[in-house]
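Chemist: What follows is a single structure, and I will ask about it in a moment.
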Amino acid sequence: MNQLRVLLVDDDPLVRTGLSMILASTDDIRVVAEASDGDEAVGQVNLHGPDVVLMDIRMRRMNGLEATAALMTLPSPPKVVVLTTYDLDEYVFDALDAGASGFLLKECSPQEIIDAVRLVAAGEAMLTPSATRRLIGQFVATRTSPRRQQARAALASLSDREREIVTTVAQGKTNAEIGAALHLSEATVKTHITRVFAKLDATNRVQLTIFAYEAGLVSA
């Protein structure tokens, strides 16, 4: 069995220990390294090449937002899941905007953490989609108008079907659910999403969701 490789990043060693114990209870996930801040995290990613990074957002030295942005510049960046105490947090939104695949509240259950690692590694669905949409909706409303104008202009590059795909992704639907709603095979859905990623210079479904809000395809 190919195990998913995970890097834990948190400035609290007790948090890292707890996360490590949770993930060690599975057969398909392995913690390959730990880091106490964002700067150390970048070095550990270069050294170990994890599939997923569980990233605390507020840390001394380089914080989780800065670390996420740095990781997204790598040729093959890992999936990043942000860990936070507050669900409506500007740092979290900016980390999602920078390329994080989703976020988890630190009070979530062990099973939610395990599911999160598996989901983002598969590139399938956003984490806690209702909370993610609430966060995105709130902060997109405060963004400057040029961002929204650029998003609306970018809509012209998408076909009607691709706009439907983006809208359903922003609603938190999985590829299977999108296929059922639009009468498409999962393979066709994946092809459309790959094309949309390229057209919008996006790397994951969360960035498509931010675009959908900025372009007015969905609203809070």
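Chemist: Most mobile of SER36, SER20, SER109 per a Gaussian network model of the chain (Cα springs, under 10 Å)?
Modeler: It is SER109.
Chemist: Sorted from largest down, give the three principal axis spans of the alpha carbons of segment 103-211, whole angstrom values.
Modeler: Extents along the principal axes: 43, 37, 21 Å.
Chemist: At 7 Å along Cα-to-Cβ for each site, give me the label-to-label distance between ARG134 and LYS199 in nm.
Modeler: About 3.2 nm separates the two model spin labels.
Chemist: In addition: At 1.4 Å probe size, with no ligands or nucleic acids counted, give the accessible surface of ARG58 in Å², nearest ten.
Modeler: Rounded to the nearest 10, the figure is 120 Å².
Chemist: So, taking all protein chains as they sit and a 1.4 Å probe, how much accessible area belongs to LEU23, in Å² rounded to tens?
Modeler: 0
Chemist: Based only on the alpha carbon positions, what is the Kirkwood hydrodynamic radius of the chain, in angstrom?
Modeler: 17.6
Chemist: How charged is the neighbourhood of THR17? Take every other residue with its Cβ under 15 Å from the Cβ of THR17, and add Lys/Arg as +1 and Asp/Glu as -1.
Modeler: In short, -3.
Chemist: Quick check: the distance between the Cα centres of segment 145-220 and segment 1-76, to the nearest angstrom?
Modeler: 28
Chemist: Anyone know which of ILE57, ILE178, ILE22 comes out most mobile in the 10 Å Cα GNM of the chain?
Modeler: Sorting by GNM fluctuation, first place goes to ILE22.
Chemist: Would you list MET72, MET59 from the most to the least accessible area, probe 1.4 Å?
Modeler: In descending accessible area the options line up as MET72, MET59.
Chemist: Using 1/(1 + (r/R0)^6) with R0 = 41 angstrom and r between the beta carbons of GLN149 and THR26, what's the FRET efficiency to the nearest 0.05?
Modeler: Here the calculated transfer efficiency is 0.35.
Chemist: Still on this structure: Could you tell me whether segment 1-43 comes out rounded, prolate or oblate from its Cα gyration tensor? Rule is a ≥ b ≥ c as square roots of the eigenvalues, rounded for a/c under 1.5, then prolate if a/b exceeds b/c, otherwise oblate.
Modeler: Verdict is oblate for segment 1-43.
Chemist: Pull up the cross-link candidates among the lysines for LYS190, meaning alpha carbon to alpha carbon under 25 Å and not fewer than 8 places away within one chain.
Modeler: The reachable lysines, counting only those whose Cα sits under 25 Å from LYS190, are LYS79, LYS173, LYS199.
Chemist: What is the set of long-range amide H partners of ALA35 at a cut-off below 5 Å, with H atoms built 1.01 Å from backbone N?
Modeler: Those qualifying (amide H under 5 Å, at least 5 residues apart or on another chain) are LEU8, VAL9, ASP10.
Chemist: Can you give the extra length, in nm with one decimal, that the chain gains between LYS190 and ALA176 once fully stretched, where that is 0.36 nm per residue apart less the Cα-Cα distance?
Modeler: 4.1 nm
Chemist: Another question, then. What percentages, rounded to whole numbers, describe P(r) for segment 31-121 computed over all alpha carbon pairs with 10 Å bin width beginning at zero?
Modeler: Here the calculated profile for segment 31-121 is 18, 55, 26, 1.
Chemist: Which of GLN207, GLN44, GLN150 moves most in a GNM of the chain, Cα contacts under 10 Å?
Modeler: Of GLN207, GLN44, GLN150, the most mobile in the Gaussian network model is GLN150.
Chemist: In square angstrom, rounded to the nearest 10, how much accessible surface does SER159 have for a 1.4 Å probe?
Modeler: 50
The values are calculated or read from the model by the stated rules, or taken from the named source; none is laboratory data. Please read these numbers as outputs of a predicted model, since none were measured by experiment. When we count neighbours, we look across all protein chains shown, and the Cβ atoms used for this are built from the backbone with ideal geometry, even at glycine. These accessible areas exclude ligands, DNA and RNA; they are computed on the full protein's heavy atoms, side chains included. Shrake-Rupley method; radii C 1.70, N 1.55, O 1.52, S 1.80 Å.
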